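Before I ask anything, here is the structure I am working with.
The values are calculated or read from the model by the stated rules, or taken from the named source; none is laboratory data. These numbers were taken from a predicted model, which means no experiment stands behind them. All Cβ positions, glycine included, derive from the backbone under ideal geometry; neighbour counts span all protein chains shown.
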Amino acid sequence: MSDRSPAADPLLVATGVVKDYPSVKVLKGVDVAVAEGDTFAVIGPNGAGKTTLFKVLSGEVFADSGTVRFEGQDVTRMPEWKRVRLGFGRSFQVARVFPELTTDENVVIAIEAYERNSGKRPTHRLACRPSADVRAAVEETLLEVGLIDKRDEPARLLSHGDKKRLELAMSLALRPRILMLDEPTAGMSPADRRGATELIAAIRERHNMTIVLTEHDMGVVFGLASRVAVLHQGAVVATGTPAEVRDDPMVREIYLGSEPVHA
Amino acid sequence: MTARPRGSDWRRDVAIGAIVLVVLASLPFVTNKGIVFVAGTLALHVVFGLSWNLMFGQTGLVSFGHASFFAIGGYAFAWTAKVAPGIHPLLLFAAVGAFGAFVAFLVGIIALRRSVGVYFAILTLALSQIVYLLLSYIPALGREDGFTGIRRPRLSLGFTTIDLASGENYYHFMLVMCALLVAGLWWVMHSRMGRVFKSLQQDAERAAFLGINVGAYRLSSFAIASGTTAIAGALYAPWLQLLTPEIAHWTFSARPILYTLLGGVQSFWGPAVGALIFAVLEYGTRTLHGLSEIVIGSILLLVVLAFPGGLLGGLSRLRKRMSRKPALVARPEIVR
């Protein structure tokens with residue numbers, strides 16, 4: 001069940017990842033390898049362990065055993081904020097932004113965090129107002145995700161889709177090498193879903209970014225992914241291109257058998 | 001409702017601060033000593049409340065032991081001034097602030113390691129009880145009788161020397177110091193660092209995924225708030241010229257919490273308003289023996305129930321409702 005990635009040096013590699021919660025074994029030795037430039041989708045029925053795998057990869061929780069490597073460096077026990085500084089960016093299943101702050105302030109915090117992470121010192125250390133550079137970067141980021149009109153709105157008043165956009169904007173502000181999206185279109189209407197897919201594709205083109213995503217919607221997966229891993233009961237049962245995975249008899253069994261297909 | 005560094009924001013806050021400062025500074029010329037004493041103590045309590053809200057409203061840390069730093073500052077100042085009277089008072093105030101921040105740093109390394117929320121609250125409560133007991137037992141600090149005979153120092157400023165013991169000099173000196181501390185807190189809350197603190201208060205996990213070292217910033221917030229309060233405590237020692245372990249008691253730690261709930265957690269001046277209301281209530285009910293607690297308690301209860309966001313929170317909601325009615329109707333999700 002190991003991943004046969006075509007790239008010589010995969011960017012993100014998980015080997016033999018095991019994660020138990022008190023009463024359940026969630027991940028039972030998962031291997032995945034994400035090559036640079038891939039859009040890697042993790043799919044699988046509810047309860048297959050997608051989100052847990054995602055948390056292990058991003059550093060929100062640590063694996064009980066097994067290793068996670070990023071560019072060859074062992075990051076298995078590295079806390080999330082340090083992984084972010086190596087080049088991880090992530091979004092959450094239910095978009096998490098700073099609700100009482102405005103859209104603008106949310107992005108300011110992200111961009112100032114990026115400056116701090118990359119060791120850039122502010123020119124006016126004592127100034128309260130964000131620097132001109134930061135304000136310009138905020139403007140650019142908000143334009144890119146289409147939130148410029150809502151920059152002064154408190155984030156809690158944004159629609160569900162806009163919150164997801166804002167979260168994406170904050171992740172982008174960090175200029176990540178690898179962007180991890182946990183169900184980027186969860187809870188969206190079909191139209192919003194199409195918009196989100198196009199936005200992610202556009203961002204990938206522009207920034208030449210590696211993306212890891214989990215997704216329920218097969219339309220989104222087949223529209224975006226270059227590689228797909230199928231997770232079932234805590235183990236990877238198939239990996240390959242979207243077409244390979246779709247034709248895999250075992251995957252068909254999982255999706256068309258006892259488990260309902262999630263759309 | 002959030003405090004943000006908008007263009008007009010700092011002008012408004014500076015104006016409010018200046019007006020309050022002028023009013024307080026002129027009190028000795030128009031009122032009696034009793035009211036001046038209340039006002040001086042109020043200034044210290046404003047710093048006490050604002051620094052607690054730096055942790056709570058700005059960073060999302062609930063401390064139940066903030067008084068221990070007030071006490072540490074007071075006793076550290078009194079003891080050092082007694083054994084080494086030659087130290088310049090300004091240097092001593094700064095050193096006491098650094099000492100308070102350092103103690104908070106040590107405590108925070110342990111208390112903030114894995115525990116936030118109620119665990120941090122309980123650990124800080126435990127700290128304050130330890131400080132309280134230590135102060136009651138250490139003979140050099142006067143045990144339960146308190147530390148007596150604290151002198152108001154002479155302040156040499158190079159070109160002139162002010163005797164803080166004469167007249168209302170110490171009162172005015174204290175106002176200047178408190179104004180500086182308040183300005184410092186204002187800057188911390190509105191600076192880049194303040195924005196990071198605010199992000200932790202809103203969603204620490206999200207902040208961590210921006211590469212923010214959550215633990216280090218929580219520790220900074222705790223240390224800054226504690227150091228500031230230690231200086232307020234140090235100023236209190238020569239003000240009262242007597243320190244008792246009561247200032248480390250948990251009931252005193254409850255003060256900044258009450259001020260913040262009363263005045264409003266989201267606005268910068270909220271805890272200051274709370275402290276003012278409290279001081280007025282205390283002064284107004286000082287002759288009602290036994291009744292004073294009941295009266296204060298019921299008024300507090302009433303305010304907190306009527307204005308869940310504190311007085312300033314209630315006012316700002318009211319103003320928003322008056323000025324933005326159409327927007328509210330158009331966006332029903334605002335009404336939560």
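Go through (1) within 14 Å of another protein chain (Cβ to nearest Cβ); (2) surrounded by fewer than 19 Cβ atoms within 10 Å (Cβ to Cβ) one by one and return the number of the condition A:Lys55 breaks.
(2)
Among the numbered conditions (1) under 22 Å from B:Val214 (Cβ atoms); (2) crowded, with 24+ Cβ neighbours inside 10 Å, tell me where B:Val103 comes up short.
All conditions pass for B:Val103, except number (2).
With segment A:164-263 as the region, which strands (runs of 3 or more DSSP E) entirely inside it contain at least 3 residues that are within 16 Å of the chain's Cα centre (by Cα) and more than 30 Å from A:Leu101 (Cβ to Cβ)?
Values: elements: A:178-182, A:210-214, A:227-232, A:235-240.
So the answer is A:227-232.
For segment A:222-231, what are the residues that are within 14 Å of A:Arg204 (Cβ to Cβ) and either in contact with a helix residue (DSSP H, G or I) (Cβ under 7 Å, 6 or more places away or on another chain) or free of Cβ contacts under 8 Å to residues at least 12 places away in the same chain (or both)? Reasoning before the result, please.
Going residue by residue through segment A:222-231, those that are within 14 Å of A:Arg204 (Cβ to Cβ) are A:223-227.
Of everything in segment A:222-231, those that are within 14 Å of A:Arg204 (Cβ to Cβ) and either in contact with a helix residue (DSSP H, G or I) (Cβ under 7 Å, 6 or more places away or on another chain) or free of Cβ contacts under 8 Å to residues at least 12 places away in the same chain (or both) turn out to be A:Gly223, A:Leu224, A:Ala225.
Right, next: Across segment A:60-81, which residue is surrounded by the most Cβ atoms within 10 Å (Cβ to Cβ) among those that are within 8 Å of chain B (Cβ to nearest Cβ) and of a type outside the set (Asp, Glu)? Can you show your working first?
Step one: of segment A:60-81, the residues within 8 Å of chain B (Cβ to nearest Cβ) are A:60, A:79-81.
Now drop any that are not of a type outside the set (Asp, Glu), which leaves A:79, A:81.
Details: A:Pro79: 15, A:Trp81: 21.
Among them, the one singled out is A:Trp81.
Assess whether B:Ser323 counts as being surrounded by fewer than 21 Cβ atoms within 10 Å (Cβ to Cβ) and more than 20 Å from B:Asp9 (Cα to Cα).
On the way: surrounded by fewer than 21 Cβ atoms within 10 Å (Cβ to Cβ): yes; more than 20 Å from B:Asp9 (Cα to Cα): no.
Here the answer is no, as B:Ser323 does not meet what is asked.
Is it the case that some residue within segment A:127-139 is among the acidic types (Asp, Glu), more than 10 Å from chain B (Cβ to nearest Cβ), farther than 18 Å from B:Trp10 by Cβ and surrounded by fewer than 24 Cβ atoms within 10 Å (Cβ to Cβ)? Outline the logic, then answer.
Taking segment A:127-139 and keeping what is among the acidic types (Asp, Glu), we get A:133, A:139.
Checking which are more than 10 Å from chain B (Cβ to nearest Cβ) leaves us with A:133, A:139.
Retained after the next criterion (residues that are farther than 18 Å from B:Trp10 by Cβ): A:133, A:139.
Okay, now just the ones that are also surrounded by fewer than 24 Cβ atoms within 10 Å (Cβ to Cβ), so A:133, A:139.
The answer is yes, given that some residue of segment A:127-139 is among the acidic types (Asp, Glu), more than 10 Å from chain B (Cβ to nearest Cβ), farther than 18 Å from B:Trp10 by Cβ and surrounded by fewer than 24 Cβ atoms within 10 Å (Cβ to Cβ).
Any chance you could count how many residues in segment A:116-137 are in a helix (DSSP H, G or I) and over 21 Å from the mean Cα position of the chain (by Cα)? Reasoning before the result, please.
The initial filter retains those residues of segment A:116-137 that are in a helix (DSSP H, G or I), namely A:116-117, A:132-137.
So of that shortlist, the ones also over 21 Å from the mean Cα position of the chain (by Cα) come out as A:116, A:132-137.
Adding up the residues that qualify gives 7.
Next question. Can you run down the residue pairs with Cβ atoms below 7 Å, 6 or more apart or on separate chains, where the first is in segment A:97-123 and more than 9 Å from chain B (Cβ to nearest Cβ) and surrounded by 24 or more Cβ atoms within 10 Å (Cβ to Cβ) and the partner is in a helix (DSSP H, G or I) and polar (S, T, N, Q)?
Pairs that qualify, where the first residue is more than 9 Å from chain B (Cβ to nearest Cβ) and surrounded by 24 or more Cβ atoms within 10 Å (Cβ to Cβ) and the partner is in a helix (DSSP H, G or I) and polar (S, T, N, Q), are A:Val107/A:Thr141.
One residue is enough: does segment A:112-133 have a residue meeting the conditions among the β-branched types (Val, Ile, Thr) and within 17 Å of B:Gly211 (Cβ to Cβ)? Don't jump to the end; show me each part of the working.
Looking only at segment A:112-133, we keep the residues that are among the β-branched types (Val, Ile, Thr), and these are A:123.
Those still in the list that are within 17 Å of B:Gly211 (Cβ to Cβ) too: none.
No, segment A:112-133 has no match at all.
If you don't mind, another one. Which one of B:Ala179, B:Ala216 is surrounded by fewer than 16 Cβ atoms within 10 Å (Cβ to Cβ) and among the small types (Gly, Ala, Ser)? If you could, list the steps in order and put the result at the bottom.
Details: B:Ala179 fails: surrounded by fewer than 16 Cβ atoms within 10 Å (Cβ to Cβ).
Testing whether each residue is surrounded by fewer than 16 Cβ atoms within 10 Å (Cβ to Cβ) and among the small types (Gly, Ala, Ser) leaves just B:Ala216.
Which pairs have Cβ atoms under 7 Å, sit 6 or more apart or on different chains, and link a residue in segment A:138-149 that is assigned to a helix (DSSP H, G or I) and aliphatic (A, V, I, L, M) to one that is surrounded by fewer than 19 Cβ atoms within 10 Å (Cβ to Cβ) and at pLDDT 90 or above?
These pairs meet every condition: A:Leu142/A:Ile148; A:Leu142/A:Arg151.
Checking the condition assigned to a helix (DSSP H, G or I) and out of contact with any helix residue (DSSP H, G or I) (no Cβ under 8 Å at 6 or more places or on another chain), which residue from A:Val84, A:Val56 passes?
On the way: A:Val84 fails: out of contact with any helix residue (DSSP H, G or I) (no Cβ under 8 Å at 6 or more places or on another chain).
A:Val56 is the lone residue from the list that is assigned to a helix (DSSP H, G or I) and out of contact with any helix residue (DSSP H, G or I) (no Cβ under 8 Å at 6 or more places or on another chain).
Okay, moving on. Assuming B:Val214 fulfils every condition listed in (1) touching a residue at least 12 places away in the same chain (Cβ under 8 Å); (2) more than 9 Å from chain A (Cβ to nearest Cβ) apart from one, which condition is it?
(2)
Conditions: (1) modelled with pLDDT under 90; (2) touching a helix residue (DSSP H, G or I) at 6+ places or on another chain (Cβ under 8 Å); (3) of a type outside the set (D, E, K, R); (4) crowded, with 17+ Cβ neighbours inside 10 Å. A:His207 meets all but one. Number of the miss?
Every condition holds for A:His207 apart from (4).
Look through B:Arg113, B:Arg143, B:Arg152 and report the one residue that is touching a helix residue (DSSP H, G or I) at 6+ places or on another chain (Cβ under 9 Å) and within 14 Å of B:Ala248 (Cα to Cα). Steps first, answer last, please.
Numbers: B:Arg113 fails: within 14 Å of B:Ala248 (Cα to Cα); B:Arg152 fails: within 14 Å of B:Ala248 (Cα to Cα).
Just a single option satisfies the conditions, and that option is B:Arg143.
Turning to a different aspect of this structure: Does B:Tyr119 fit the bill of being at pLDDT below 95, within 18 Å of B:Ala104 (Cβ to Cβ), away from chain A (no Cβ under 14 Å) and within 24 Å of the chain's Cα centre (by Cα)? Talk me through it step by step, then tell me what you get.
Working: at pLDDT below 95: yes; within 18 Å of B:Ala104 (Cβ to Cβ): yes; away from chain A (no Cβ under 14 Å): yes; within 24 Å of the chain's Cα centre (by Cα): yes.
Taking the combined requirement at face value, the residue satisfies it.
Let me ask something additional. Evaluate the following for B:Thr31: is it more than 20 Å from the chain's Cα centre (by Cα), closer than 26 Å to B:Ile130 by Cα and without any contact (Cβ under 8 Å) to a residue 24 or more places away in the chain?
Working: more than 20 Å from the chain's Cα centre (by Cα): yes; closer than 26 Å to B:Ile130 by Cα: no; without any contact (Cβ under 8 Å) to a residue 24 or more places away in the chain: yes.
Judged against the criteria, B:Thr31 is not a match.
The conditions are (1) assigned to a strand (DSSP E or B); (2) at pLDDT below 90, and A:Ala48 fails exactly one of them. Which is it?
In the conditions (1) assigned to a strand (DSSP E or B); (2) at pLDDT below 90, A:Ala48 misses (1) alone.
Just the residues that are among the small types (Gly, Ala, Ser) and within 14 Å of chain B (Cβ to nearest Cβ), please, taken from segment A:140-169. Break it down into steps so the answer makes sense when it comes.
Within segment A:140-169, the first condition is being among the small types (Gly, Ala, Ser), and the residues that meet it are A:146, A:155, A:159, A:161, A:169.
A:Ala155, A:Ser159, A:Gly161, A:Ala169, listed by residue number.
Is segment B:53-63 home to any residue that is closer than 23 Å to B:Val20 by Cα, among the hydrophobic types (A, V, I, L, M, F, W, C) and assigned to a helix (DSSP H, G or I)?
yes
Let me ask another. Could you give every pair whose Cβ atoms fall below 6 Å, whose first residue belongs to segment B:176-203 and is more than 8 Å from every other protein chain (Cβ to nearest Cβ), and whose second residue is at pLDDT below 95 and not in a helix (DSSP H, G or I), counting only separations of at least 6 or pairs across chains?
B:Leu200/B:Gly60; B:Gln201/B:Gly60
Ok, one more. Can you name the condition, by its number, that A:Arg156 falls short on among (1) surrounded by fewer than 22 Cβ atoms within 10 Å (Cβ to Cβ); (2) in contact with a helix residue (DSSP H, G or I) (Cβ under 6 Å, 6 or more places away or on another chain); (3) among the charged types (D, E, K, R)?
Answer for A:Arg156: the failing condition is (2).
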